[in-house]
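The values are calculated or read from the model by the stated rules, or taken from the named source; none is laboratory data. This is a predicted model, so every value here is computed, not measured. Because the Cβ atoms are built from the backbone with ideal geometry, glycine has one as well, and the counts that use them run over all protein chains shown.
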Amino acid sequence: DSDNSTPQLARTQGVLWVSSNDGRIKGYDWKVNDDASFQSWLSSQGWTESDVTVVKSDDERNEFFFPGFIDTHIHAPQYPNEGLFGSKGLLDWLNEYTFPMEASFGSKSDPENEDTDPKDTPHEALRVYDEVVVKTLSHGTTTASYFATIHVPATNALAALCHKHGQRAFIGRVCMDNKEQCPSYYVDSSADEGFNATKRTIDYIHTLDPNGTLINPIVTPRFAPSCSNHSLTGLGDLAASYSPPLRIQTHISENNDEVALVQQLFPDSTSYANVYDTHGLLTNRTILAHGVHLTKDEMTLIRERGSKVAHCPASNSALGSGLAPVRFMLDQGVTVGLGTDVAGGYSPSILEVARQASLVSRVVQYSSEYQALTGNTTFDGSEKLLVDEVLYLATRGGAAVVDMPDDIGGFDKGMIWDAQLIELGTANNSTTSPLDVATLAGRAVETGPVGNVDIFGNETWQEQVQKWMWDGDDRNVKNVWVQGKLVHTRA
Ligand code: GUN
Ligand code: FE
């Protein structure tokens, strides 16, 4: 449901009709399930069969449609590092694991020559990018906002692979030109070379998908420490020079050492958010990842600028960055979505991130930082994010974060059919006694639950969804559609 204050899950089950030409939801009627009624419904709408694609879910298998997940923050080249963290926190982890991995995405040729051909990407890098797209689709991610690397051919390859596999994506060539802060083997040779490289990627994507139906560029300064003042200002100007202005993504206030470093590198600024604001990077199309340690004033500034926050709890816990105060941000009027932050996050699954968001919201009250921020030391439990709310953040919230609130993230008539068919399965209703040893070995698999979700048959719809949020995974994702097109079927 689109009412921000009280998320409601409506059971979307039965039959939907999706327009075959533009992939938008043309109508639905989940009470009608037989062909004769369908035909009369069609003619009552003035449509013929070729106008629509029919999608159905199977009530018997406890199947339901759910809006596709929106991953508002993911680093595609870091996928091979999933699950590798060390113990030293963000800045050391970047140097030890992240930068060497990203550097390996460079082609034999200099990243800053005129090369834009995806084919000049190392084979291993192409394999990684292909796997990320296939894997995230299989977990129900229909839209992803990707950080690539500084390399133009590889970044263009990621765009081409998303296009090929049919995933909606924002593709960012990472900008990092601060020689003091970036490793010598992985840095733009100058801010201007960075702008040129970024423009070549933007042009490539605009040629690949001229209407931006699926793939769009996003301006991506890595984070304030890795960019010069000239680069930050220029990237803000670059985004603003397009009509409509390009989206922007970066990191903010993820880790305490990082926040201190920004203060030291930008002594004239009043806050981390102020650094981005003074460089024209806080726009209503800006995605700020993390925001773990934002002050109340920074949240106000972010809300006033209309910028959005990508909450990445799996990453924040794995890297020990902290507990993001999501309820407080929402109360301040900040728009929030979810991000895996692979490979700061250990999982490509937004469902996993949703449950991590729920867990963090249940313990955040015990942090002194949260108590100082809110001015409270006792809490009534309202800081907890309910199942419906984290699933809202994973869909409608993410849609707002990527500035597509009217198009994706829900099933309103006229919205784009970006969706997943979830199958929970059934109770194992075999009539043979479990004490019959002979039947135990060959336990029937045609009936019974799917994956880790245990259905006993007496659950309400709300309880089924709760079980899915806590125990579900890619085994429950039977089909995935983007723009009305089937892009994944469970093996
Ligand atoms: N801050 C700057 N770069 C990165 C990155 O690659 N991952 C995370 N989690 N934080 C960052
Ligand atoms: Fe990140």
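A compact table of results
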read-out	value
Test: residue 184 is closer than 25 Å to residue 269 by Cβ and away from ligand 2 (no atom under 16 Å from the Cβ)	no
Residues that are farther than 23 Å from residue 75 by Cα and aliphatic (A, V, I, L, M), drawn from region 221-274	240, 260, 265
Elements of type strands (runs of 3 or more DSSP E) contained in region 27-118, each with 3 or more residues being within 16 Å of ligand 2 (Cβ to nearest atom) and either in contact with a His (Cβ under 9 Å, 6 or more places away or on another chain) or at pLDDT 90 or above (or both)	69-75
Verdict on residue 288 being in the same structural domain as residue 370 (by TED's automatic domain parsing), away from ligand 2 (no atom under 16 Å from the Cβ) and in contact (Cβ under 8 Å) with a residue 12 or more places away in the chain	no
Of all residues in region 300-325 being touching a helix residue (DSSP H, G or I) at 6+ places or on another chain (Cβ under 6 Å) and more than 21 Å from residue 147 (Cβ to Cβ), the one that is farthest from ligand 1 (Cβ to nearest atom)	301
Count - residues of region 301-340 that are more than 14 Å from ligand 2 (Cβ to nearest atom) and more than 20 Å from residue 259 (Cβ to Cβ)	7
Test for residue 155: is it within 18 Å of residue 188 (Cα to Cα), assigned by TED's automatic domain parsing to the domain that holds residue 210 and in a helix (DSSP H, G or I)	yes
Answer from 279, 230, 293, 251 - the residue that is surrounded by fewer than 24 Cβ atoms within 10 Å (Cβ to Cβ) and closer than 24 Å to residue 394 by Cβ	293
One residue from 114, 63, 82 being acidic (Asp, Glu), closer than 30 Å to residue 464 by Cβ and in contact with a Lys or Arg (Cβ under 9 Å, 6 or more places away or on another chain)	63
Output for region 176-194, where each listed residue is more than 10 Å from residue 103 (Cβ to Cβ) and in a loop (DSSP other than H, G, I, E, B)	176, 177, 178, 179, 180, 181, 182, 184, 188, 189, 190
Residues of region 336-351 that turn out to be more than 12 Å from ligand 1 (Cβ to nearest atom) and either among the aliphatic types (A, V, I, L, M) or surrounded by fewer than 24 Cβ atoms within 10 Å (Cβ to Cβ) (or both), as a count	5
Set 149, 142: member being among the hydroxyl-bearing types (Ser, Thr, Tyr), crowded, with 19+ Cβ neighbours inside 10 Å, touching a strand residue (DSSP E or B) at 6+ places or on another chain (Cβ under 6 Å) and closer than 30 Å to residue 451 by Cα	142
Test result for residue 344, under 12 Å from the mean Cα position of the chain (by Cα) and either away from ligand 2 (no atom under 16 Å from the Cβ) or assigned by TED's automatic domain parsing to the domain that holds residue 285 (or both)	no
